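For reference, the structure discussed in these notes is given below.
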Amino acid sequence: MITGDADVAAVGALLAEPARARVLLALGDGRALPASMLAAEAGVSASTVSEHLRKLLDGGLVTVMKDGRYRYYRLAGAHVSELLEVMSRIAPPQPVTSLREGTKANALRRARSCYNHIGGRLAVSLTAAFLREGLLKGHDGSTDLTWMGHARPAGAALNPVAYTLTDVGADALRDLGAEPPANRAVRCCVDWTEQRHHMAGEAGSVLLDRFRHLDWVRPGRYSRALVVTQEGRAQLAERFSVTAE
């Protein structure tokens, strides 16, 4: 079948409905959640969220897995998470109308899970520390398109794979009990709250997995939010000179 340009409007229509957008954002940490929890996150009834989930399934933005008589929904892949991150960077901030909303926004800015890696100030600080300590080499972590240290604007939005894990960085991952990725290229994406790069891809996934395993971070009160434990703060300061909030 002959096809034309990508139907961007079809995806835009799925994201344009506020409740559907909230469902996708609730799934942004990579978890599989039941419809009842997604209804609560979106602020709609069970029947309404079911209709939204059907449209998101048809549009290929979420998948569903069955466990007995229960159904759990999750993002269809990292590409959907990346889409949400990009849109979050260009979307206007939602007005904070309550103390709860302000507390949630601050929690997400401090540290959050972005599908399979860490986001927020913690992630940006960690990436900066990796660059400062020689664990990572490449750009400086900013998103300045005028920085032309390589053949293309390395580190900018046009080139997310602009960093390389060094031998020292690989040893640091081994010290955490992780096997470094075979491909030393480190993908970074622009953090939508901090407007600087944070590590994503395989290296970012390894860090989040190890931080969880070592109990350095735990799920926060709000969806996607992460809380750094006392042990995590001590280890991040000792190993990477990162001050976690």
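The values are calculated or read from the model by the stated rules, or taken from the named source; none is laboratory data. Treat the numbers as computed from the prediction; the structure is a model and nothing was measured. For neighbour counting, all protein chains shown are included, and Cβ atoms are generated from backbone atoms with ideal geometry for every residue, glycine included. Ligands, DNA and RNA are stripped out before the accessible areas are found, and what is left, the full protein with its side chains, is counted by its heavy atoms. Shrake-Rupley method; radii C 1.70, N 1.55, O 1.52, S 1.80 Å.
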* At 7 Å along the Cα-to-beta-carbon direction for both R210 and E238, put a label point, then send me their distance in nm to one decimal. => 1.5
* Count the DSSP beta bridges whose two residues both fall in the range 1-139, then state the antiparallel fraction as a percent rounded to the nearest 5. => 100
* Around L226, which amide H atoms from residues at least 5 apart in sequence, or from another chain, sit under 5 Å from its own amide H, with H modelled in the peptide plane? -> A111, R112, S113, G220
* **Anisotropy class of the range 40-88 from Cα gyration tensor, a/c 1.5 cut** => oblate
* Asked: So which lysines can K104 reach, going by Cα to Cα under 28 Å and dropping same-chain residues fewer than 8 places off?
  -> K55
* **Cβ-placed point charges (K, R +1; D, E -1), dipole of the chain about Cα centre in debye, nearest 20** => 600
* **Cα lying deepest toward the dipole's positive end in the chain, options L126, T48, A26, charges on Cβ** => T48
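For the chain, what does the convex hull of the Cα positions come to per residue, in cubic angstrom?
About 169 Å³ per residue, rounded to a whole number.
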* **Förster-model FRET efficiency, 51 Å R0, D5 and E179, C-beta, rounded to 0.05** => 0.75
* To do: Take the Cα coordinates of the range 1-92, assign each an equal point scatterer, and use the Debye formula without solvent to give log10 I(q)/I(0) at q = 0.16, 0.24, 0.25 Å⁻¹.
  => -0.63, -1.31, -1.41
* Gyration tensor verdict on the range 43-128 (Cα atoms; rounded if a/c is under 1.5, prolate if a/b is larger than b/c, oblate otherwise) -> prolate
* To do: Quickly work out the K137-to-S47 label distance, labels modelled 7 Å from Cα along the C-beta direction, and quote it in nm with one decimal.
  => 6.3
* Asked: Any idea what the relative contact order of the chain is, in percent, if you count C-alpha pairs under 8 Å spaced at least 6 apart?
  -> 17
* 222 nm mean residue ellipticity, helices alone, for the chain (DSSP H n ≥ 4; -39,500 (n - 2.57); rounded to 500) -> -13500 deg cm²/dmol
* **Probe 1.4 Å, accessible area per residue of the chain, Å²** => 53
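So what is the relative contact order of the range 1-126, in percent, for Cα pairs below 8 Å that sit 6 or more residues apart?
Relative contact order for the range 1-126 comes out at 23 percent.
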* Structure fact -> Taking a ≥ b ≥ c as the square roots of the Cα gyration tensor eigenvalues, with a/c under 1.5 meaning rounded and otherwise prolate when a/b beats b/c or oblate if not, the range 168-245 comes out oblate
